[in-house]
Amino acid sequence: GEDLEGLGRRQRRLKTRVSVARLKTQVARPELVEAWDNASSDPVLLVALKGRRNSVPVPGHWRQKRAYLQNKRGILKQPFQLPTFIEQTGIQKMREAYAEVDGDKSSKQKQRDKGRPKM
C-alpha cells in the first residue's frame, strides 16, 4: 500500500497487475494464458472461462487498432481474369471495341445516349 501512494491511477493499475508467469502458476490450464489476459479485471476467472467446454474463442482481430480487414492498403490487387469459357466467346474484344468508341464521347453525350438510346 505505501509504495503506491505517490503514483497516478495508470501507474498504480500497472503495478498491481499480476504477471503472466504468476497467472500461469495460479490457473489449472496454463497453456490457455495469453499475453494480454493479465490486463483483465479478473484474470483467473477469464482463464477459467476460456478453459470451459464449448467456449468459443474471441477472434484475433478484436485487439487491433485498425478496423477489421482495413489493413490491405499496400497490397496490389490482380486485375480480374475472365474464366476461359467466357473468354472464348470473344465478348471481351467486343467490349473493348465499344469502350474505344465510347471513350471519345464527352460525359454529356454519354448521359444523352443513356436517356435517349439510338435503336
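The values are calculated or read from the model by the stated rules, or taken from the named source; none is laboratory data. Note that the coordinates shown come from a computational prediction; the quantities given were computed from them, not determined experimentally. Because the Cβ atoms are built from the backbone with ideal geometry, glycine has one as well, and the counts that use them run over all protein chains shown. Please note that ligands, DNA and RNA were not included when accessible areas were found on the heavy atoms of the full protein model with its side chains. Shrake-Rupley method; radii C 1.70, N 1.55, O 1.52, S 1.80 Å.
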Flag for R63 being of a type in the set (K, R) and in contact (Cβ under 8 Å) with a residue 24 or more places away in the chain: yes
Subset of segment 1-53 (residues that are of a type in the set (G, A, S) and farther than 17 Å from R63 by Cβ): G1, G6, G8, S19, A21, A28, A48, G51
Segment 24-38 residues that are among the acidic types (D, E), paired with ones that are open to solvent by less than 40 Å² (accessible area, probe 1.4 Å) (beta carbon under 7 Å, 6 or more apart): D37/L23; D37/P43; D37/V47
Output for segment 89-119, where each listed residue is outside any helix (DSSP H, G or I) and surrounded by 10 or more Cβ atoms within 10 Å (Cβ to Cβ): T89, K105
